[in-house]
1. Can you pull out every residue in the range 35-53 that is in a loop (DSSP other than H, G, I, E, B) and modelled with pLDDT of 95 or more?
2. Mind listing whichever residues of the range 8-39 are among the small types (Gly, Ala, Ser) and in contact with a helix residue (DSSP H, G or I) (Cβ under 7 Å, 6 or more places away or on another chain)?
3. Across the range 1-34, which residue is modelled with the lowest pLDDT among those that are outside any strand (DSSP E or B) and surrounded by 11 or more Cβ atoms within 10 Å (Cβ to Cβ)?
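The values are calculated or read from the model by the stated rules, or taken from the named source; none is laboratory data. Small disclaimer: the values here were computed from a predicted structure and weren't measured. Cβ coordinates were reconstructed from backbone atoms using ideal geometry, including for glycine residues, and neighbour counts include every protein chain displayed.
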Amino acid sequence: MEQQDAPNGPQEHRTTTVEQGRFCVARCTCGWRGPARRARSLARSDAEGHAVG
């Protein structure tokens with residue numbers, strides 16, 4: 001039996017932040033979504049924590 005590689009390999013997590021009114025939300029290409037934050041820096045920290053962990 002031949003071994004086949006995964007077509008896309010492991011999924012890479014790409015995070016972004018999105019403004020929603022007065023709040024900022026971190027989102028990832030895997031479907032993860034962080035809590036709404038008033039401070040953009042906290043939303044960025046949420047995104048970094050998700051990408052690493």
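1. Listed by number, the residues that qualify are Pro35, Ala36, Arg38, Ala39.
2. The answer is Ala26, Gly34.
3. His13
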